[in-house]
1. Restricting to region 152-177, what's the tally of residues that are surrounded by 15 or more Cβ atoms within 10 Å (Cβ to Cβ) and in contact with a helix residue (DSSP H, G or I) (Cβ under 7 Å, 6 or more places away or on another chain)?
2. State the number of residues belonging to region 274-285 that are modelled with pLDDT of 85 or more and either touching a Pro at 6+ places or on another chain (Cβ under 6 Å) or among the charged types (D, E, K, R) (or both).
3. Checking the structure you have, find out if any residue of region 83-91 is more than 60 Å from the chain's Cα centre (by Cα) and free of Cβ contacts under 8 Å to residues at least 40 places away in the same chain.
4. Please state which one of 300, 345 is open to solvent by 70 Å² or more (accessible area, probe 1.4 Å) and either over 30 Å from residue 467 (Cα atoms) or out of contact with any His (no Cβ under 6 Å at 6 or more places or on another chain) (or both).
5. Restricting attention to region 211-224, and to residues there that are part of a strand (DSSP E or B) and in contact with a Phe, Trp or Tyr (Cβ under 9 Å, 6 or more places away or on another chain), which single residue is most open to solvent (accessible area, probe 1.4 Å)?
6. What pairs come up if the first residue lies in region 407-432 and is open to solvent by 20 Å² or more (accessible area, probe 1.4 Å), the second is more than 10 Å from the ligand (Cβ to nearest atom) and among the charged types (D, E, K, R), and their beta carbons are under 6 Å apart, counting only those six or more places apart or on different chains?
7. If residue 300 satisfies all but one of (1) out of contact with any Lys or Arg (no Cβ under 6 Å at 6 or more places or on another chain); (2) assigned to a loop (DSSP other than H, G, I, E, B), what's the number of the condition it fails?
8. Has region 457-473 got any residue that is touching a Cys at 6+ places or on another chain (Cβ under 8 Å), at pLDDT 95 or above and open to solvent by less than 50 Å² (accessible area, probe 1.4 Å)?
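The values are calculated or read from the model by the stated rules, or taken from the named source; none is laboratory data. This structure is a prediction, so every number in the text was calculated from the model and none was measured. No Cβ is skipped: glycine too gets one built from the backbone with ideal geometry, and neighbour counts run over all protein chains shown. With ligands, DNA and RNA removed, areas are computed over all heavy atoms of the protein, side chains included. Shrake-Rupley method; radii C 1.70, N 1.55, O 1.52, S 1.80 Å.
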Amino acid sequence: MQPINFDNHFRDLFENSNDLIQILQIDAEILIVNRAWLHTLKYEFKDVVGKNIYQFIHPDYREKYRKNRQGAINNKKNKSFDLAYLTSTNEIVIGEINIGCSYIDGVPQYTRCVFKNLSENQRAEKIVRESEKRLKAFLTGGPDAVIIINEAQEILEWNPKAEAIFGFSFQEIKGKTLTETIIPPQYREAQLRGMQHFLKTCEGPILNKTLEITALHKSGKEFFINLSISNVKLDEGWLFIAFLSDISQRKETEEALIKKEAELLRSQLLQEKNDQFISTVSHELKTPITTIKAYTQLTLAMCNDQQQSIKANLSKMDQMIDKLVFLINQLLHVSQINLGKLNLLKSKINFKPFLAETLNAIQQITPHQILIERNDEAEITLDAVRLEQVIANLISNAAKYSPGENKIIVRSIKKQNELICSFTDFGIGIADESVQKIFHRFFRVDDVSHRFTGFGIGLFICNQIITEHGGKMWLKSEQGKGSTFYFSLPVSDSFSV
Ligand code: ADP
């Protein structure tokens, strides 16, 4: 027997291998390729030797090849990956390549690559394997729960998100039907009928639409989901793919909002009813009180000088009737404001004499001395009756809340396009925390409400009237020292300062 010549054997193996073999310098220059390589890629040896390998690789794979080859050289580890070559006639040859590197004393010498050209079948299988991998990744990593069922409604796929939403693991639910698991009892019959109808007619009104319905959690709790179902026909029959997400939290928020809105509406209606009631009652009360006042004044006029005590009593009655009329009017105005019926009758007014006359009239019934420190000329469009009401209210408050004091200072100052009126008293003042709420309806400062009579609506009305005139109200106050209430009004004007 002849001794084995390894060189010959290896050459034989190299040349007759069905796989494409190439040996490259470290700089990727081709040293040698085998016959299968030349045959498959349709080149002659002289066309490839000494050339750089990259020119034979499909451009989309060059970077991948470079990285893996470098990896194999650096890590002394063979690398396998997909690769595509280009033939001399520009056809694509796809396969799997394995790259290794040879070293002498740890120094890389050359790389050897074995490339397996995949047959059509192998390629198809590989594509299926890869798309399965991608589908798996989609099923496991997607944001939605994905459930796949067959015609018998049996669950075939149930991704981790579905596990999280419904509480059933895939192992528990695999092969079970939707009706016996996550569909609530009230929908089960319709679901079965729908499926039968679809299988007969291929019509499914809920397919490919987004629905908001309820589903059952493993614990039995029913909750809202967003559901969309697609269908696909395979050899073994129809498959239905359901994408769903848990929207119970959004639904709860929506429901809470609807409830809140309904409550608001109810309380608004109630408030409107109250206002309507107050408005009617105040109107009804005004007529008899006006008659009582007329008779009181008539009787007062009929009294002679000998009937002084009767006269005094009647005067007191008359004053009390005025107070009553004032309170009834306040109630009437609040209800009118709330019902949006505070109709203003505006006209252009010379404010300076208007203020002087109004204060003069109020002075007749106010014990405090009203001092007008400044009264600028200004022409303003306003409802005189309502403005008198505001001024009377502010003076009356200034007097009421400064017992023991004797003066109130009024200033009316024109600044550019507005007139600012202020009313200063030296009374009890208002604490900071109450200042914010002072114009709120029915607000009264706690610690004074038992000492002074009132409803807590005068300032609310004043503020509404001034706002309706396009102005603003505010105040400065110091507890124990007094308060200044301000209002501004837009000037229409003609008078220049
Ligand atoms: P009423 O005086 O009828 O209670 P108002 O709406 O006119 O109602 O006033 C609301 C509250 O503001 C009063 O209850 C009082 O506590 C406070 N207030 C109003 N004006 C003054 C003032 N000049 N000085 C101190 N407190 C005042």
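1. The total comes to 7.
2. 1
3. Quick first cut of region 83-91, residues more than 60 Å from the chain's Cα centre (by Cα) only: 88-89.
Filter once more, keeping what is free of Cβ contacts under 8 Å to residues at least 40 places away in the same chain: none.
Among the residues of region 83-91, not one is more than 60 Å from the chain's Cα centre (by Cα) and free of Cβ contacts under 8 Å to residues at least 40 places away in the same chain, which makes the answer no.
4. After applying the criteria, what remains is 345.
5. 212
6. 411/373; 411/374; 413/374; 413/376; 414/376; 426/405
7. With (1) out of contact with any Lys or Arg (no Cβ under 6 Å at 6 or more places or on another chain); (2) assigned to a loop (DSSP other than H, G, I, E, B) applied to residue 300, the lone miss is (2).
8. Within region 457-473, one or more residues are touching a Cys at 6+ places or on another chain (Cβ under 8 Å), at pLDDT 95 or above and open to solvent by less than 50 Å² (accessible area, probe 1.4 Å).
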